[in-house]
1. Among the residues of segment 411-439, count how many are open to solvent by 60 Å² or more (accessible area, probe 1.4 Å) and of a type in the set (Phe, Trp, Tyr).
2. Might you check whether a residue that is under 20 Å from residue 52 (Cα atoms) and touching a strand residue (DSSP E or B) at 6+ places or on another chain (Cβ under 8 Å) occurs anywhere in segment 115-134?
3. Pull out all pairs, ordered by first then second residue, where Cβ-Cβ is under 6 Å, the residues are six or more apart or on different chains, the first lies in segment 139-152 and is within 23 Å of residue 91 (Cβ to Cβ), and the second is open to solvent by 10 Å² or more (accessible area, probe 1.4 Å) and hydrophobic (A, V, I, L, M, F, W, C).
4. What residue, among those in segment 235-261 that are touching a Gly at 6+ places or on another chain (Cβ under 8 Å) and of a type in the set (Val, Ile, Thr), is surrounded by the most Cβ atoms within 10 Å (Cβ to Cβ)?
5. So, of the residues in segment 1-48 that are acidic (Asp, Glu) and open to solvent by 10 Å² or more (accessible area, probe 1.4 Å), which turns out to be nearest to the chain's Cα centre (by Cα)?
6. Of the residues 207, 217, which single one is part of a loop (DSSP other than H, G, I, E, B), in contact (Cβ under 8 Å) with a residue 40 or more places away in the chain and more than 15 Å from residue 11 (Cα to Cα)?
7. Residue 286: of a type in the set (D, E, K, R), farther than 25 Å from residue 203 by Cα and within 17 Å of the chain's Cα centre (by Cα), yes or no?
8. Could you check, for segment 311-325, whether at least one of its residues is open to solvent by 60 Å² or more (accessible area, probe 1.4 Å), among the charged types (D, E, K, R), more than 22 Å from residue 147 (Cα to Cα) and modelled with pLDDT of 95 or more?
Amino acid sequence: MKENFIEIMDSTLRDGEQTNGVSFLPHEKLVMARMLLGRLNVDRIEVGSARVSEGEREAVTMICRYARQIGMLERVEVLGFVDGHRSIDWIADCGGKVINLLAKGSLKHCLQQLGKTPDEHIADIMEEVSYAHERGLAVNLYLEDWSNGMKDSPDYVYQLMDSLVTLGVHGHCTPPSQGGDGGGSLVRRFMLPDTLGIMNPLQVIEYFRKMIKRYPYQHFDFHAHNDYDLAVSNSLAAVLSGAKGLHVTVNGLGERCGNAPIASVQAILKDQFHAKTNIVESQLNDLSRMVESFSGIAVAPNQPIVGENVFTQVAGVHADGDSKNRLYYNDLVPERFGRKREYALGKTSGRANIAKNLEELGLELTPEQTRRVTRRITELGDKKEIVTKEDLPYIVSDVLKHDAPEDKVKLLSYVVSTAYGLKPGANIKVEINGKQYEGSALGDGQYDAFVKALRYIYKKYLGRTFPILANYRVTIPPGGRTDALVQTVITWDNEGRLIRTRGLDADQTEAAIKATFKMLNIFESAQY
């Protein structure tokens with residue numbers, strides 16, 4: 001495909017706000033508009049709908065004021081309606097300069113929703129367009145339900161277009177073949193929406209080519225909806241067929257299944273179609289996080305470009321390949337989008353992933369130490385725990401400081417219980433120097449009951465005192481997850497000898513138990 005330029009119009013602040021449960025405050029719209037125009041550099045933004053509410057008026061006014069100050073007012077657009085000039089007056093009073101006028105693009109909508117004939121609707125549109133220019137507004141025209149119009153009533157679509165493309169200063173525009181430049185129309189852009197998300201790429205190509213062939217000098221935008229998960233594919237089919245602009249939203253927000261997500265559209269336009277846009281790709285992730293926060297709609301972890309997991313290698317073989325001339329890289333390098341590649345830690349990660357994370361943290365381990373750390377991470381992965389890079393220093397400390405080659409004291413099984421109104425209890429079975437013992441006890445907490453059961457075993461069967469717990473501290477690695485690993489550090493006093501041990505697990509009681517058995521093995525080894 002020959003390299004060409006594609007306009008990007010972002011409709012997050014208007015169409016994206018039609019996502020169920022999403023309502024942006026005026027100041028939130030302003031902040032997003034500033035980022036869309038100032039940092040992401042989209043060509044146009046659609047910021048609201050006329051006459052919706054006072055909050056909408058406030059937001060549109062604030063954005064228009066900001067855009068005027070930075071010389072970008074022509075890039076701010078507001079949806080308006082064929083409503084006897086009321087939308088036009090509303091937009092002009094807010095300081096706007098561009099109206100995206102919503103007309104009916106299918107005969108069914110014209111007859112059944114408006115209750116008007118095509119001639120009546122066309123006359124109304126012409127009146128609105130003329131008045132908008134009197135008020136100093138540029139006009140883009142939406143043909144609502146255009147996809148169904150082309151499928152069920154193409155003659156109506158052509159009748160509408162034939163009337164509007166000749167609506168110019170002198171009633172017509174002159175094509176280049178007759179010495180003109182194809183301009184002169186009072187409608188700047190015709191915006192063709194798949195309003196109900198019914199199209200597939202082959203239909204988009206067919207319908208767009210018919211429009212381009214019949215109206216070769218017009219600027220056509222395409223506005224996709226994602227009901228069949230084809231919004232991105234349909235958008236690119238439109239570009240392939242001659243569309244000069246695409247409508248998108250951040251994170252694919254929009255009514256029902258949403259719109260085409262800007263990050264995916266941008267990446268495919270550049271990499272697969274070799275098309276040019278003005279988008280600053282390094283800002284896509286920051287914008288996605290901002291919209292995620294303001295909208296309250298979480299981004300799926302596997303959503304291309306902006307999902308949490310999309311630049312994370314999980315399989316160890318992939319990390320190994322990345323260290324050997326980037327064998328598992330493609331053009332979607334994370335740095336391009338303001339992100340960085342990560343290597344997951346889990347049961348499939350392997351030593352290569354561990355090495356990548358250790359390298360990033362500045363930690364150096366011997367091959368044997370790396371093997372032991374890998375084994376510990378695999379154990380955590382088997383328990384379906386999410387292990388993050390932030391957890392890794394804790395795991396390294398846990399393994400290297402206290403992993404004895406051979407445990408003399410082993411926990412064979414245990415049950416701890418708690419119930420409302422009853423003291424927690426513990427039943428345990430341990431092996432000490434090859435012999436098995438069982439004990440049970442009640443305590444003020446699950447771990448307290450567990451330790452008292454151990455004390456019982458040491459006193460009754462071994463005739464020995466149990467070390468005294470001198471200090472107990474719990475920490476959680478950064479991340480804030482409910483399933484975060486818990487590190488328990490316990491200081492023990494055994495007849496004046498102090499020792500500190502730590503345990504690491506997703507369960508706080510289990511972490512404390514691990515720290516306890518590390519302590520017992522240290523003291524037991526010292527006796528021989």
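The values are calculated or read from the model by the stated rules, or taken from the named source; none is laboratory data. Just so it is clear, the model here is predicted, and its values are computed rather than measured. As a convention, Cβ positions derive from the backbone with ideal geometry for all residues, glycine included, and neighbour counts pool all protein chains shown. Protein only, heavy atoms only, side chains kept; ligands, DNA and RNA dropped before computing areas. Shrake-Rupley method; radii C 1.70, N 1.55, O 1.52, S 1.80 Å.
1. So the answer is 2.
2. yes
3. 142/102; 144/102
4. The selected residue is 250.
5. Per the criteria, the residue is 17.
6. After ruling out the rest, the residue left standing is 217.
7. On the way: of a type in the set (D, E, K, R): yes; farther than 25 Å from residue 203 by Cα: yes; within 17 Å of the chain's Cα centre (by Cα): yes.
So residue 286 passes the test.
8. No: segment 311-325 contains no residue that is open to solvent by 60 Å² or more (accessible area, probe 1.4 Å), among the charged types (D, E, K, R), more than 22 Å from residue 147 (Cα to Cα) and modelled with pLDDT of 95 or more.
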